[in-house]
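Worksheet: the structure to be examined is printed underneath.
The values are calculated or read from the model by the stated rules, or taken from the named source; none is laboratory data. Keep in mind the model is a prediction, meaning the values are calculated, not measured. Neighbour counts run over all protein chains shown; Cβ positions are idealised from the backbone, glycine included.
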Amino acid sequence: MATCQRKECTFQWEINNLWYCWLKNGERIKSHTCVLDQLEHTRWSLILYPKGKVTEDHVGLYLRRENDIFGPKIIEVSSQLAILDTGGSFLKVKNMSKHGFSTYSISGIEEFATQDEIFGTEKDEFFPRDTLIVQCTVFIEDEVPIMAKYYTSVTNFKTNLRSFFWNIDGFSNLIPDQRNYFQIENESKKILANFYLVSGLKGEITLEIISLDKSLKCFSFKISVIDSERKKVNFGSHKFFGCDIQGIERLLISREQLMQNESRYLSNDVLSLFCEYAFSTGVILNVHESCDFGIISPASTKELEENEKKPIISQNELHQTQALVDDLKSMYSDAVLCDIELRTSTQTFPAHKTILSARSPVFRRMFTNDMREKNSGHVDITDVEDETVRRMLLYIYTDVLEDMQFESASKLYSAADKYAVFSLKERCSCFLKDNVNPTKACDLLILADRHQDGDLKCAVQDYILSHDKEVFGSLEWKDFMATNLQLAADIMYQKVFPS
């Protein structure tokens, strides 16, 4: 009898800026969904409850089987969940016994790590540089030896880090209740918050922060005094979530303490502050990084990371690639030697059969089989808007997407699906997943269902379930329930009966 081998797949999931996580108890984040060819083409993801699934003093970690087309109804797998350090060694590891997974079923450990380990006194050990590395190995026993497969995924809590210097002149002459004011803005010059340094009646110096941006989910700040040697002296750091951000008041220091060290802190009667702050508006980005073959162990993880840093393409090759893109774009823009036209209801776009055929099997069939478009010299696409056709052609010729917005990405996704430009469809799908919000979720679910895109549909369903209060309370959801009863029922079933 043949020796039993393991069909094995390993996920490694990096979660960046987790310290700024605004999620509450019972709320979760999910990794990118991976299709595991080794395990009968089943689809899997990892789920983390940063503030606990049930109890608030632990972090929960789970493995979930997603909906798939080709996999068996139930697949039995064993698994291992772990948290790694930056060198790839185990900080925490727990083995899970064999479990039969149907689609949407979940298995994991509710108390995988403590809040203190992840967010408290042991934070620097568990995720230095504010990156938590989670690993899951899934395997089944088999008589056919197959190499292990290794997947990496990255989730980013999008965080903006800023700082500014703030000089308070004539500090010794501050009168009680006097307020010194500093305004901070975001990239688009929208006022984010107002900082007020207030001199209290008893000589205390207080910092008040009034947030003017209701989209803020997390806000943290650190205040330092610049001393006479231009060194930063830390006077405290604080972090706030949700509604607490709307009005923040924190005691910094007493006037007496500063005046007693006047020569150090009040050169020329000026209090010099260095303020560092970070904020997040609730954007979470998921990225599928890589997929490699080979046996993966904690010891080899570091070597893999180092290899990934090595350049694969030389600078000379990059310049050559860019030159090719520029030349193809010029051919398209200048309509050089075009032999086919794409015609919408209002505009005509000259193009090249060869390039369209190379990028789209649909166009290839039109131009190689005995179809009307082969001899007519044009393709009628009256159901696609002019701007969408322009964007699709630009991508076909240059692999470039310009100034994507949610609506334009949705239309481009539909066009890419119709003409089987698969790489464009995937790019649009990733953009839509990363930019979905409570008001757009219903439209995106309809789009995914219309195009029978199981991966996108599952991603939107997961988003709705993890943002249920915002979505279910929206006008869009009420309209959605009235016109898409079956899709709404599927969501509510998963809400009531989570696997």
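A single member of Glu373, Glu426, Glu387 is in contact with a helix residue (DSSP H, G or I) (Cβ under 9 Å, 6 or more places away or on another chain), modelled with pLDDT of 90 or more, assigned to a helix (DSSP H, G or I) and surrounded by fewer than 21 Cβ atoms within 10 Å (Cβ to Cβ), and it is Glu387.
Counting only residues that are part of a strand (DSSP E or B) and at pLDDT below 75, which one in region 117-149 is nearest to Trp22 (Cα to Cα)? Taking the candidates together, the pick is Lys149. On the given criteria, is Thr55 assigned to a loop (DSSP other than H, G, I, E, B), under 22 Å from Leu23 (Cα atoms) and not hydrophobic (A, V, I, L, M, F, W, C)? Answer is yes for this residue.
Of the set (1) modelled with pLDDT under 75; (2) touching a strand residue (DSSP E or B) at 6+ places or on another chain (Cβ under 6 Å); (3) farther than 19 Å from Leu273 by Cα, all apply to Asn156 but (1). Inspect region 47-65 for any residue being of a type in the set (D, E, K, R), over 17 Å from Thr137 (Cα atoms) and touching a residue at least 60 places away in the same chain (Cβ under 8 Å) and give the result as yes or no. There is at least one residue in region 47-65 that is of a type in the set (D, E, K, R), over 17 Å from Thr137 (Cα atoms) and touching a residue at least 60 places away in the same chain (Cβ under 8 Å). So which residues in region 210-222 are in a strand (DSSP E or B), buried (at least 18 other Cβ atoms within 10 Å of the Cβ) and modelled with pLDDT of 75 or more? Within region 210-222, Cys218, Phe219, Ser220, Phe221 meet the criteria.
Scanning region 460-470 turns up at least one residue that is in a helix (DSSP H, G or I), among the acidic types (Asp, Glu), touching a strand residue (DSSP E or B) at 6+ places or on another chain (Cβ under 8 Å) and not assigned by the TED database to the domain that holds Val35. Select from region 489-499 the residues that are surrounded by 12 or more Cβ atoms within 10 Å (Cβ to Cβ), out of contact with any Leu (no Cβ under 9 Å at 6 or more places or on another chain) and either free of Cβ contacts under 8 Å to residues at least 24 places away in the same chain or part of a helix (DSSP H, G or I) (or both) and list them in ascending order. Of everything in region 489-499, those that are surrounded by 12 or more Cβ atoms within 10 Å (Cβ to Cβ), out of contact with any Leu (no Cβ under 9 Å at 6 or more places or on another chain) and either free of Cβ contacts under 8 Å to residues at least 24 places away in the same chain or part of a helix (DSSP H, G or I) (or both) turn out to be Asp490, Met492.
Of all positions in region 359-378, at least one carries a residue that is more than 20 Å from Val336 (Cβ to Cβ) and either of a type in the set (Asp, Glu) or not assigned by the TED database to the domain that holds Met404 (or both). Could you say whether any residue in region 82-95 is of a type outside the set (Lys, Arg) and under 30 Å from Asp490 (Cα atoms)? No, there is no match, as no residue in region 82-95 is of a type outside the set (Lys, Arg) and under 30 Å from Asp490 (Cα atoms).
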